[in-house]
There are 2 protein chains.
Amino acid sequence: MSVRPLLAIDWGTTNRRVYRIEDGAVTATERDALGVTAVSDFAGELAAIRARFGDLPVLMAGMVGSTIGWREARYVPAPAGLEDLDQNLLRIDERTAIVPGVSFSDGVRGDVMRGEEVQLLGAVAAGLTPPDALLVQPGTHCKWVEMEGARIARFTTAMTGELFALVRAHGILSAQLGADVVLVDAFRDGVREGAKRDLTGSLFGIRAAKLLGLRGDADAASFASGLIIGADVAARVVEHPFETAYILADPVLGSLYAAAIEVNGRGATIIDSQAAFVAGIFRIGASLS
Amino acid sequence: MSVRPLLAIDWGTTNRRVYRIEDGAVTATERDALGVTAVSDFAGELAAIRARFGDLPVLMAGMVGSTIGWREARYVPAPAGLEDLDQNLLRIDERTAIVPGVSFSDGVRGDVMRGEEVQLLGAVAAGLTPPDALLVQPGTHCKWVEMEGARIARFTTAMTGELFALVRAHGILSAQLGADVVLVDAFRDGVREGAKRDLTGSLFGIRAAKLLGLRGDADAASFASGLIIGADVAARVVEHPFETAYILADPVLGSLYAAAIEVNGRGATIIDSQAAFVAGIFRIGASLS
């Protein structure tokens with residue numbers, strides 16, 4: 001494994017995080033809102049990053065490698081491990097590269113990820129999760145990933161966060177869903193409602209509860225979040241039978257998913273997703289000249 | 001039953017339909033976009049309608065009786081029949097009234113309707129459906145109603161049409177969903193996917209199918225509609241076990257629901273929803289002086 005310093009960039013749609021990694025440890029980091037949709041001159045951005053963090057090899061992951069990013073990196077088909085990502089880097093030049101995404105297809109259903117693969121494989125490589133485990137990355141598009149032998153074996157993406165954002169911003173429920181989502185009883189009640197796996201029916205129940213005075217709007221956003229996350233979790237309990245899920249998320253979102261998983265009778269462990277990213281990108285970066 | 005002429009107004013959020021009913025038959029009708037959200041002077045509108053259609057008793061139903069309408073009519077609790085609506089009319093004056101809505105609560109879950117009750121009870125009264133049957137009113141908010149003894153016994157509203165409209169107009173799938181929804185194989189494939197009752201997962205599959213080249217976008221809107229309608233139907237097959245559902249809808253939307261119900265192994269019969277409305281409002285109007 002290389003001990004050479006490296007700059008790693010987790011470059012998503014709306015955010016970007018830069019890390020300088022030396023001897024496997026982060027010695028400088030910075031997060032800003034310059035996601036790929038806010039950038040047009042990627043080469044110029046990269047030169048500015050090297051000017052601030054050091055003139056080092058750079059490894060990028062995330063939407064920077066998509067059709068809306070700098071250059072389109074391929075999807076490596078699952079099962080995929082760190083070595084598969086390493087062997088399929090998209091080289092911009094001899095010391096600058098983009099990590100490929102991962103695809104899954106069983107001939108009927110297909111799925112894709114781009115950016116999450118580094119966290120997932122890093123979590124296992126760093127011993128934060130077992131080599132055979134179910135990992136969860138909550139968010140706008142929540143990934144549920146079965147790891148087998150420290151490789152990404154199969155996965156499902158659920159549009160959980162996006163669906164909540166849509167009903168909160170638009171449509172008939174939006175006036176009721178302005179409050180913050182917090183881990184209260186109403187959230188867990190929503191998770192139980194979500195376990196019926198009847199989202200179209202349960203969502204209207206939020207409006208009916210208001211009209212009939214059954215539930216106040218103070219808790220409606222927490223209930224709705226619990227409902228949508230709960231429907232996601234309940235479907236995954238059937239699709240990927242598991243005892244414990246390892247959640248890669250910040251503590252706030254992670255604790256909501258952990259509660260939803262526990263209401264469904266399974267265990268959950270929250271993993272530091274930044275530590276997982278750094279562990280993964282550092283190992284891939286070992287091959288970068 | 002009165003043989004006096006009557007004006008009936010099906011006055012919804014975005015549309016309005018006026019009928020002159022004489023001896024139980026429609027002798028004039030007009031539909032326009034003057035739903036309650038487009039009207040502020042309801043008394044003036046009503047005077048204009050009487051000027052055009054005749055100075056007759058007027059019976060209104062729908063969102064005109066809601067908080068966003070003219071005056072708020074109550075919800076009559078289910079079980080509710082035509083006589084319960086009749087006895088709970090909101091009188092504006094001695095020859096002008098609004099039909100109440102219907103609510104349902106089993107102590108845990110609640111639901112409401114406003115406007116649909118006239119169609120439902122009219123369909124049964126006119127012999128278009130049996131007195132014990134499951135009726136479906138597809139739309140933005142789809143109603144699934146168990147009729148028992150010619151009364152509304154219990155019902156569930158699903159946010160089916162609204163959810164499709166949200167993912168079509170906003171969010172990551174919108175660019176793929178521009179085509180018209182038609183009753184093609186892709187619609188039925190969507191219904192089968194929807195039967196998994198995993199909407200958050202299945203919706204992302206539409207994007208993955210595009211990125212992996214598994215399905216062209218020409219059929220994506222039909223697939224997505226089938227998926228969301230199919231999830232609604234599959235949940236209802238469990239919630240209200242039924243052999244045949246009676247669909248109150250226009251032929252286009254009705255045929256989509258009929259196909260989704262048939263893919264789920266049940267039968268479907270499409271009923272003329274306007275005829276049902278007229279049959280219901282005419283019977284309620286018999287009590288209007």
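Bear in mind these aren't lab numbers, they're just calculated from the coordinates by the rules spelled out. Values in this document were obtained by computation on a predicted structure and should not be read as measured data. All Cβ positions, even for glycine, are placed from backbone atoms using ideal geometry, and neighbour counts span all protein chains on display.
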Q. Put +1 on the Cβ of every Lys and Arg and -1 on every Asp and Glu Cβ in segment A:131-249; which of A:Pro131, A:Ala209, A:Phe187 then has its Cα farthest towards the positive end of the dipole?
A. A:Ala209
Q | Copy-to-copy label separations for B:Arg17, where each label sits 7 Å from Cα toward Cβ, in nm and ascending | A | 5.5
Q. Do you know the relative contact order of segment B:245-289, to the nearest whole percent, from alpha carbon pairs under 8 angstrom that are 6+ apart?
A. 40 percent
**Q.** Partner lysines for A:Lys196 [C-alpha distance under 22 Å; skip if fewer than 8 residues away on the same chain]
**A.** A:Lys143, A:Lys210, B:Lys143, B:Lys196
(Q) Name the residue from B:Thr200, B:Ala218, B:Ser255 whose Cα lies farthest towards the positive end of the charge dipole of segment B:165-261, charges +1 on Cβ of Lys and Arg and -1 on Cβ of Asp and Glu. (A) B:Thr200
Q: Can you tell me the dipole magnitude for segment B:181-236 around its Cα centre, using point charges on the Cβ only (Lys, Arg +1; Asp, Glu -1), in Debye to the nearest 20?
A: 140 debye
Q. With no solvent and one point on each alpha carbon, what is the Debye value of log10 I(q)/I(0) for segment A:77-122 at q = 0.14, 0.18, 0.24, 0.32 Å⁻¹?
A. -0.36, -0.56, -0.87, -1.20
Q) At what distance in nm do the modelled label points of A:Ala218 and B:Ala51 sit from each other, each positioned 7 Å from its Cα along Cα→Cβ? A) 5.1 nm
Q. Angle, helix B:160-169 long axis vs. longest principal axis of chain B, Cα atoms, 0 to 90°, nearest 10?
A. 60 degrees
**Q.** Cβ-placed point charges (K, R +1; D, E -1), dipole of segment A:76-130 about Cα centre in debye, nearest 20
**A.** 100 debye
Q: Give the angle, between 0 and 90 degrees and rounded to the nearest 10, that separates the Cα long axis of helix A:185-194 from the longest principal axis of the Cα atoms of chain A.
A: 90 degrees
**Q.** Calculated label separations, A:Ala48, copies of the chain, 7 Å along the beta-carbon direction, nm
**A.** 5.6
Q. In segment B:1-136, with Lys and Arg counted as +1 and Asp and Glu as -1 at Cβ, which of these residues, B:Gly122, B:Ser40, B:Met63, has the Cα nearest the positive end of the dipole, that is, farthest along it?
A. B:Ser40
Q) Gap in Å between the Cα centre of segment A:259-282 and the Cα centre of segment B:112-182? A) 40 Å
Q | ³J(HN,Hα) computed for each position of segment B:73-79 - Karplus, 6.51 cos²θ - 1.76 cosθ + 1.60, integer Hz, glycine/proline x | A | 8, 6, 9, 7, x, 6, x
Q: Tabulate in residue order the Karplus-calculated ³J(HN,Hα) for segment A:259-266, using 6.51 cos²θ - 1.76 cosθ + 1.60 with θ = phi - 60°, rounded to whole Hz; enter x for Gly and Pro.
A: 5, 5, 5, 5, 4, 7, x, 10
Q. How would you classify segment A:1-94 from its alpha-carbon gyration tensor, with a ≥ b ≥ c the square roots of the eigenvalues: rounded for a/c under 1.5, else prolate if a/b is greater than b/c, otherwise oblate?
A. oblate
Q. Once you charge only the Cβ atoms, +1 for Lys and Arg and -1 for Asp and Glu, what is the size of the charge dipole of the protein assembly as shown about its Cα centre, to the nearest 20 debye?
A. 360 debye
Q | Value of [θ]222 nm, deg cm²/dmol, for chain A, DSSP H segments ≥ 4, -39500 (n - 2.57) each, nearest 500 | A | -11500 deg cm²/dmol
Q.
Output the 0 to 90 degree angle, nearest 10, between the alpha-carbon long axis of helix B:273-285 and the longest principal axis computed from the alpha carbons of chain B.
A. 30 degrees
(Q) For a quick size check, give me the Cα extents of segment A:213-269 along its three principal axes, largest first, whole Å. (A) 38, 25, 14
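Apply the Kirkwood formula to chain B: the hydrodynamic radius equals the inverse of the mean of 1/r over all pairs of different alpha-carbon atoms; give it in Å with one decimal.
For chain B, inverting the mean 1/r across all distinct Cα pairs yields 19.9 Å.
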**Q.** Hull volume in cubic angstrom per residue (convex hull over the Cα atoms of the protein assembly as shown)
**A.** 152 Å³
**Q.** Copy-to-copy label separations for B:Ala275, where each label sits 7 Å from Cα toward Cβ, in nm and ascending
**A.** 7.0
Q | Proportion of all alpha-carbon pairs of segment B:40-128 beyond 17 Å (%) | A | 53 percent
(Q) What Kirkwood Rh does segment B:139-220 have if only Cα atoms enter the pairwise 1/r average? Answer in Å. (A) 14.5 Å
Q. Rounded if a/c is under 1.5, else prolate if a/b beats b/c, else oblate: with a ≥ b ≥ c from the C-alpha gyration tensor eigenvalues square-rooted, which is segment A:33-78?
A. oblate
Q: Could you work out, residue by residue across B:37-44, how many beta carbons of other chains sit within 10 Å of that residue's beta carbon, and then give the average as an integer?
A: 0
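How big is the Cα convex hull of segment A:157-289 in projection, averaged over all directions, in nm²?
9.6 nm²
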